[in-house]
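Presented below is the structure to which this report refers.
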């Protein structure tokens, strides 16, 4: 795969326009004619209006759903920032392919098409069927000592996400969920959150997969050192520099997919902390992306709340989850589909012969 050039990234970001406000207002008008008190469906009305603003004349029901889990390893795991060993990333990829993980259960239950994408797992999967083989490298470098990725690796990983998004469009999908798997990636997401929002490492760093107090303190120290090394006193590092220096291959691929999905006017449901960090980079590159995003849930990671506030996104669900894999995004999909069904299928006061409020 040819890496995406800066010119190509610029072309994608320039091509992204905000969701249509006239179509949003058209949705609001129809919602107010349905057989219910004004505004009584609450957030569901906001969701329906957002989807109509995104899809415009291509608004359709039923929604065809795709779920994409990007997997990669992280060099920062050498610093003891995770409760689980690095090889769990590759073991979980195999578990996904055997349909044994939480995301398999939920995508099957909610009839969403699941794809697992290897962007940078430190394992040889050869030609294992059912896996999208897009390996850029066997994990990132240790960002405590050097940038996580080279310019070329960053560009190639972003290109993976763009290609996967274009495949989703060709498959006729209209709503996608973005998830991930990568031991060590909450450390990257925390470092990215600090660089994007100005938050302290202590405020942006949670316990990830279940660190004890001592390991959590060590993780905070590592993230502080990483930020100082790569950004020093810079209050506003460039988004792609943040991604290259402290991100991950899966984070870069998710960023590329989000950008390309917004360009093609797909509804984008983001999962937890890591996926939201990628979305925040995409919005920093192209602010219009924000209008295409629906936050599936708010996870237990403190940095996730900071990022959602930074992006002005309100989560659909609050379930105290911290699993990843896209699970929170998929759980939100039935609620989003319910909003669409209510919009398209409810009778109006006129068609039902029901008197409106005076």
**Which numbered condition residue 167 fails, given (1) in contact (Cβ under 8 Å) with a residue 24 or more places away in the chain; (2) part of a helix (DSSP H, G or I)** = (1)
**Asked** Taking residue 90, is it modelled with pLDDT of 95 or more and farther than 26 Å from residue 258 by Cα?
**Response** no
**Asked** Pick from 274, 281: which is more than 8 Å from the chain's Cα centre (by Cα), touching a residue at least 12 places away in the same chain (Cβ under 8 Å) and either part of a loop (DSSP other than H, G, I, E, B) or within 23 Å of residue 207 (Cα to Cα) (or both)?
**Response** 281
**Asked** Looking at segment 31-39, is at least one residue surrounded by 13 or more Cβ atoms within 10 Å (Cβ to Cβ), more than 20 Å from the chain's Cα centre (by Cα), assigned to a helix (DSSP H, G or I) and in contact (Cβ under 8 Å) with a residue 60 or more places away in the chain?
**Response** yes
**Request:** Could you tell me whether any residue of segment 72-90 is over 30 Å from residue 212 (Cα atoms), in contact with a helix residue (DSSP H, G or I) (Cβ under 9 Å, 6 or more places away or on another chain) and surrounded by 15 or more Cβ atoms within 10 Å (Cβ to Cβ)?
**Result:** no
**For residue 196: the one exception among (1) in contact (Cβ under 8 Å) with a residue 24 or more places away in the chain; (2) farther than 18 Å from residue 281 by Cα; (3) in a helix (DSSP H, G or I)** = (2)
**Hits in segment 170-217 (condition: in contact with a strand residue (DSSP E or B) (Cβ under 8 Å, 6 or more places away or on another chain), over 12 Å from residue 303 (Cβ atoms) and crowded, with 17+ Cβ neighbours inside 10 Å)** = 173, 174, 175, 176, 177, 178, 179, 180, 181, 182
**Request:** List the helices (runs of 4 or more DSSP H) that sit entirely inside segment 43-130 and contain at least 1 residues that are within 30 Å of residue 227 (Cβ to Cβ) and either free of Cβ contacts under 8 Å to residues at least 24 places away in the same chain or in contact with a strand residue (DSSP E or B) (Cβ under 8 Å, 6 or more places away or on another chain) (or both).
**Result:** 88-97
**Asked** Does segment 131-141 contain at least one residue that is crowded, with 23+ Cβ neighbours inside 10 Å and not in a loop (DSSP other than H, G, I, E, B)?
**Response** no
**Message:** Return the residues of segment 202-211 that are over 22 Å from residue 180 (Cα atoms) and touching a residue at least 24 places away in the same chain (Cβ under 8 Å); say none if nothing qualifies.
**Reply:** 203
**Item:** Looking only at segment 218-260, and only at residues there that are outside any helix (DSSP H, G or I) and touching a helix residue (DSSP H, G or I) at 6+ places or on another chain (Cβ under 8 Å), the one that is surrounded by the fewest Cβ atoms within 10 Å (Cβ to Cβ)
**Value:** 237
**Message:** Against the definition (on the phi < 0 side of the Ramachandran plot and surrounded by 20 or more Cβ atoms within 10 Å (Cβ to Cβ)), how does residue 16 come out, yes or no?
**Reply:** yes
**When residues of segment 7-30 are limited to those that are under 22 Å from the mean Cα position of the chain (by Cα) and assigned to a helix (DSSP H, G or I), the one modelled with the lowest pLDDT** = 8
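The values are calculated or read from the model by the stated rules, or taken from the named source; none is laboratory data. These numbers come from a predicted model, not from an experiment. So basically every Cβ, Gly included, is an ideal-geometry build from the backbone, and we count neighbours across all protein chains shown.
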